[in-house]
C-alpha cells in the first residue's frame, strides 16, 4: 500500500464518518480511527464508563472549528494551512525545542511549520505558500483531523 492509497483511505474515513477501518495485506496492516463520528460520541455520553474517555477527544476538535468560524469572518484575506492527515499536532520538533513557527514569523514555501504524529510516525509538514504567520489555530499536542485549519497566513 503506497502513501496515496493511505491518504485516500484517511479521506474516506473522515468523510464517511466511519468509526474505524482496518486493512491487512501481505504482511502490511493499517488501522485508521475516525474522530469526527460525533453521533456515536453523543450516544455514548449517557453511559457510566464512557464519559471518562469521550469528553477529551470531543472537546478539542469541537472547540477549534468554532474559533475558526469566528476568525473566517474577520480574517477572510488570509490563507489557511490545513492538516493533511489525522494525528497529533506538535509545534516543536522536541519537548525542549523552540517552535517551528510563531505568530509574526515569515515563512517561505517548503519551510517546516509543524509535525503531525500519525501511527507513531512523525510527519514534518511544510508550507505550501509564502507569507507571514498571523494566527496559530491549534494548541500544541492536540489531536487534529484531516483538512483541519492549523495556521492563518498573510500572503502579502
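What follows is calculated from the coordinates using simple rules that are stated; it is not laboratory data. Given the structure is predicted, the values throughout are model-derived calculations rather than measurements. All Cβ positions, glycine included, derive from the backbone under ideal geometry; neighbour counts span all protein chains shown.
Give, in nm to one decimal, the length gained when the segment between residue 109 and residue 141 is fully stretched (0.36 nm per residue of separation minus the Cα-Cα distance).
9.1 nm
Per-residue packing, averaged as other Cβ atoms within 10 Å, sorts the ranges 141-148, 106-113, 92-99 into the order 141-148, 106-113, 92-99, beginning with the highest.
Using 0.36 nm per residue of separation minus the Cα-Cα distance, give me the extension gain between residue 154 and residue 8 in nm, one decimal.
Length gained between residue 154 and residue 8: 49.6 nm.
For 122, 151, 100, what's the fewest-to-most ordering of other Cβ within 10 Å of each Cβ?
Values: 122 12, 151 24, 100 21.
Taking fewest neighbouring Cβ atoms as first place, the list is 122, 100, 151.
Rounded to whole Å and ordered largest first, report the semi-axes of the equivalent ellipsoid of segment 71-156 derived from its Cα gyration tensor (root of 5λ). Can you show the working numbers first?
Working: eigenvalues 82, 41, 25 Å².
Over the Cα atoms of segment 71-156, the semi-axes work out to 20, 14, 11 Å.
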